[in-house]
Amino acid sequence: MQISISKSGVYRPAIFLTAGVVLGMVYLAAPWYVLAVSLATAGVFAVGLFKPVYAFYLVLLVLVEEMVQYFISYPPYYEIRIYPYYLPLLAGILGVVVLSVAKKKPLRESPVTSVLWIIVVFEAVSMIWAPHFKIAAWLSVFTFLNIAFFYLILNTVVDESTLRRSTYIWIFAGVAVATAIILSQWIDVEKTIYLTKGSGLKMAFQEQVDRPAGLGGVDHVAGYVSMAVFMALGSMAYEKRWRVKAIYFILIMYMLYGIILTSSRGVMIGLTCAYLFFIFINPGFRTRFIRYSSLFVVLIVFTVLLVKPGLVDRMLVGFGYTGKLLFSEKTFTGTEADTSQGQGLSGMEIRKIWWKNGLHEMVKHPYKLLVGLGNGGFIYYSSGTNTVTSPEVNSISFAFFYDMGVFGVLLLIILLYLIVKNIYFHLRNAKRDYCYYMLLASVAALITESGVHGLVDYDLTSYGSKYFWFPLGFTMAVVNIIKKRERAADNSATGAEAPGRT
């Protein structure tokens, strides 16, 4: 005889009793904030399992949130940081895999997926010769999360509808981050909760090295907003209504204001190069290249002088200038800087020291020239005799070399070839519709962060590695959407022309 739970209600009291006991124990054992986090975690995973695309939207919103983090210290030179976006990322990719199995459909791929998997596997294997096994193991986990992020994007941004929503959320998040940058000029809140002696929670909303950051490191928040700028620019270029164009222009200028406040030289250079690419590739802009370039220069110079004239000094110092600074009463000697960055070595000077120390280790052990320093190896060897250690390679391109040696350089060349080949083909041949403008915008975002700013920031496995995997994944997702539409158009044309078909 089959018992119906819904009719008899036999098991309902038992369920209430069990759930009540568990919840009561949680109340007694955990502070309220732990309970809130637990409930939020359960909610995110429930949503991610059934609607992975919503989990991805949440990732977009909190991707740059770095001031709330769980940390684990590994003295004397490293600290593992787990950021909020990992939660919806895990929920989303789990949902993608479950739906793929349930529907018996393979996960969507891209032209560069095979090379990315080689990178992930090599980084994992390099734990064997990495100087610190535990840190290498953690970074390998983060590397697998990075390729999971790549797959999440490919398998949620699958049509024009999700592409539009993702773009809107990205722009919205960019405005929110720019607002946080602006507000952090006057608000400084920081708190650390130690769960053990070497681990705990950190929460902050503050300036860093006298530069507004708000939700994360100054370069990270500025980089995220710069990518949002291009998504807004692509939307504005596609839009036909001038009132809507005007609104997008205001959003772009507002986000640019936030970027300039951070005084991030790498982001500003990347933004400029990517903007020139955008107007040169877009046929409607290319015919007025001089006009649009001149307008951009005027807007940038005016905004910088109005908002943060000290950025001019930082740019000059970055390009090797020594002597009297233009917007400060200080003098830059070439070894000491007293600008908006604070007193001490300039950013490029300390990077050169780190890169030199890492290269010295590879030359000292020639086999490391072939296979690299291993996952996290650069962080270990780069400090040398300096007390300041590098949290990452500070260059996506150099990360291929320092992590994987000559083998990594070959992988980088192959990856660049595949990226350029596919992007060039579709930018040249795609129909000038919404997807085309979003491809143009996402490629510009990829250039500004991974291509230009990434030359002096980020890596493949650590803190800033998401700025390599994220824009690349989004660009490949748009490529897949365009390919899908082209195949559908070809099949429709073939079916219409085939004789004897109805």
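The values are calculated or read from the model by the stated rules, or taken from the named source; none is laboratory data. Only a predicted model underlies this, so the values are computations on that prediction, with no experimental measurement involved. Counting neighbours? That spans all protein chains shown, and the Cβs are built from the backbone with ideal geometry, glycine included.
Residues that are among the aliphatic types (A, V, I, L, M), surrounded by 21 or more Cβ atoms within 10 Å (Cβ to Cβ) and not in a helix (DSSP H, G or I) within the stretch 40-92 comprise Leu63, Val64, Met67, listed in sequence order.
Selection of the stretch 446-477 for residues being among the small types (Gly, Ala, Ser) and either over 14 Å from the mean Cα position of the chain (by Cα) or more than 25 Å from Leu139 (Cα to Cα) (or both) yields only Ala477. In the stretch 117-133, the residues that are over 12 Å from Gly372 (Cα atoms) reach residues that are in a helix (DSSP H, G or I) and hydroxyl-bearing (Ser, Thr, Tyr) with C-beta atoms within less than 9 angstrom, at least six apart or across chains, in these pairs: Ile119/Thr143; Val120/Ser140; Val120/Thr143; Ala124/Ser140; Ala124/Thr143; His132/Tyr380. With respect to Ile119, is the statement that it is under 22 Å from Gln208 (Cβ atoms), touching a Ser or Thr at 6+ places or on another chain (Cβ under 9 Å) and either in a helix (DSSP H, G or I) or not hydroxyl-bearing (Ser, Thr, Tyr) (or both) true? No, not satisfied. When Glu486 is tested against (1) among the acidic types (Asp, Glu); (2) part of a helix (DSSP H, G or I); (3) closer than 18 Å to Leu145 by Cα, only condition (3) is not met. Restricted to the stretch 355-458, the set of helices (runs of 4 or more DSSP H) holding at least 3 residues that are surrounded by 20 or more Cβ atoms within 10 Å (Cβ to Cβ) comprises 377-381, 396-429, 434-446.
Remark: pairs (first residue in the stretch 250-276, touching a residue at least 40 places away in the same chain (Cβ under 8 Å) and more than 13 Å from Leu299 (Cβ to Cβ); second residue of a type in the set (S, T, N, Q) and surrounded by fewer than 22 Cβ atoms within 10 Å (Cβ to Cβ); Cβ separation under 7 Å; 6+ apart in sequence or on different chains) = Ser263/Ser340. For the stretch 149-173, filtered to residues that are buried (at least 17 other Cβ atoms within 10 Å of the Cβ) and aromatic (Phe, Trp, Tyr), the residue that is nearest to Gln206 (Cα to Cα) is Trp170. Take the stretch 454-487 and flag every residue that is farther than 16 Å from Thr167 by Cβ, modelled with pLDDT of 90 or more and hydroxyl-bearing (Ser, Thr, Tyr). Of everything in the stretch 454-487, those that are farther than 16 Å from Thr167 by Cβ, modelled with pLDDT of 90 or more and hydroxyl-bearing (Ser, Thr, Tyr) turn out to be Tyr458, Thr461, Ser465, Tyr467.
Yes/no per residue for (1) of a type in the set (S, T, N, Q); (2) at pLDDT 90 or above; (3) in contact with a Leu (Cβ under 6 Å, 6 or more places away or on another chain):
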| position | (1), (2), (3) |
| --- | --- |
| Leu183 | no, no, no |
| Ile193 | no, no, yes |
| Glu207 | no, no, no |
| His220 | no, yes, no |
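For the stretch 174-208, the set of residues classified as free of Cβ contacts under 8 Å to residues at least 12 places away in the same chain, surrounded by 14 or more Cβ atoms within 10 Å (Cβ to Cβ) and basic (Lys, Arg) is empty. Taking the criterion of being in a strand (DSSP E or B) and within 22 Å of Val452 (Cα to Cα), the only residue of the stretch 177-211 that qualifies is Arg211. Do you know which of the residues in the stretch 277-300 that are surrounded by 13 or more Cβ atoms within 10 Å (Cβ to Cβ) and touching a residue at least 40 places away in the same chain (Cβ under 8 Å) is nearest to Leu455 (Cα to Cα)? Checked the stretch 277-300; the qualifying residue nearest to Leu455 (Cα to Cα) is Phe277.
For every residue, the table says whether it meets (1) in contact with a Pro (Cβ under 6 Å, 6 or more places away or on another chain); (2) among the β-branched types (Val, Ile, Thr); (3) without any contact (Cβ under 8 Å) to a residue 24 or more places away in the chain; (4) more than 18 Å from Ile169 (Cβ to Cβ).
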site	(1), (2), (3), (4)
Phe56	no, no, no, no
Leu60	no, no, no, no
Val64	no, yes, no, no
Tyr74	no, no, no, yes
Tyr77	no, no, no, yes
Arg81	no, no, no, yes
Leu89	no, no, no, no
Gly95	yes, no, no, no
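Residues that are assigned to a loop (DSSP other than H, G, I, E, B) and either of a type in the set (D, E, K, R) or at pLDDT below 90 (or both) within the stretch 93-107 comprise Lys104, Lys105, listed in sequence order. Here Thr494 clears all of (1) at pLDDT 95 or above; (2) farther than 19 Å from Thr143 by Cα except the condition numbered (1).
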